[in-house]
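The next block holds one structure in the form of structure tokens; read it before the comments.
Any read-out appearing in this document is the output of simple, stated calculations on the displayed coordinates, not a laboratory observation. For clarity, every value in this text was computed on a predicted model and none was experimentally measured. Don't worry about glycine lacking a Cβ; one is built from the backbone with ideal geometry, like all the others, and counts go over all protein chains shown.
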């Protein structure tokens with residue numbers, strides 16, 4: 001599934017005409033306005049769907065799919081992921097990365113020591129935070145700021161960081 005990116009999760013149905021409430025997992029929920037094709041990932045198969053309608057309600061995007069006109073046709077897909085292909089993904093700006101590409105990268109310090117593997121990315125209001133798991137199984141939280149994250153090399157699979165005082169305590 002490296003060629004697909006998750007944009008949301010079906011939280012529940014909305015009304016009786018086949019619409020669904022989708023909890024966005026993208027950093028810009030407004031992207032749903034321009035979304036035309038998604039892939040519904042179920043336990044058994046991946047189902048391509050065409051988005052024909054988008055509305056917003058609170059933190060949810062409410063989507064309508066072509067050919068799904070009844071609550072009974074969509075109800076079974078609660079909790080399923082909605083994915084897009086990389087070709088349909090929002091283009092990245094300079095120094096932006098898809099979280100899926102960062103997970104699993106080796107994290108090394110600017111003095112050449114291996115810190116661990118990037119396990120998760122927490123999205124906070126101010127800046128993202130990298131969750132790094134050390135070889136000893138300890139979690140280290142690193143703020144994604146220029147003073148801390150020095151370089152990301154996806155080809156080499158390495159994130160180079162400067163460990164600021166107090167981060168390993």
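Place the peptides 3-12, 157-166 in order of packing, highest mean first, counting for every residue the other Cβ atoms within 10 Å and averaging per peptide. Could you put the intermediate results ahead of the total?
Numbers: 3-12: 17.7, 157-166: 14.8.
Packing proxy ranking, top to bottom: 3-12, 157-166.
Judged by the mean number of other Cβ atoms found within 10 Å, the most tightly packed of the peptides 132-140, 56-64 leads the ranking 56-64, 132-140. Think of it as helices only: each DSSP H run of n ≥ 4 in the chain is worth -39500 (n - 2.57), and spread over all residues that comes to -500 deg cm²/dmol at 222 nm. Report the residue, chosen from 35, 105, 150, that carries the largest GNM mean-square fluctuation when the chain is represented by alpha-carbon nodes joined by springs under 10 Å. Checking each option, the largest mean-square fluctuation is seen for 150.
Relative to the compact-globule scaling 2.2 N^0.38 Å, provide the ratio for the alpha-carbon radius of gyration of region 34-76. Output field value: 1.21. Return the single residue from 86, 17, 44 with maximal mean-square fluctuation; model: Gaussian network over the chain, springs between Cα atoms under 10 Å. Maximum among the listed residues: 44. Pick from 147, 75, 94 the residue whose mean-square fluctuation is largest in a GNM of the chain, springs joining Cα atoms under 10 Å. Highest fluctuation among the options: 94. With the convex hull of the Cα atoms taken as the outline of region 4-88, the averaged projected area works out to 5.0 nm².
So what is log10(I(q)/I(0)) for the chain at q = 0.19 1/Å, when the Debye sum runs over its Cα atoms only? Calculated log10 I(q)/I(0) at the listed q: -1.13.
According to the Cα gyration tensor, what semi-axes, each the square root of 5 times an eigenvalue, does the equivalent ellipsoid of region 99-161 have, listed from largest to smallest in whole Å? Don't skip to the end; give the middle numbers.
Values: eigenvalues 50, 35, 29 Å².
After diagonalising the Cα gyration tensor, the semi-axes are 16, 13, 12 Å.
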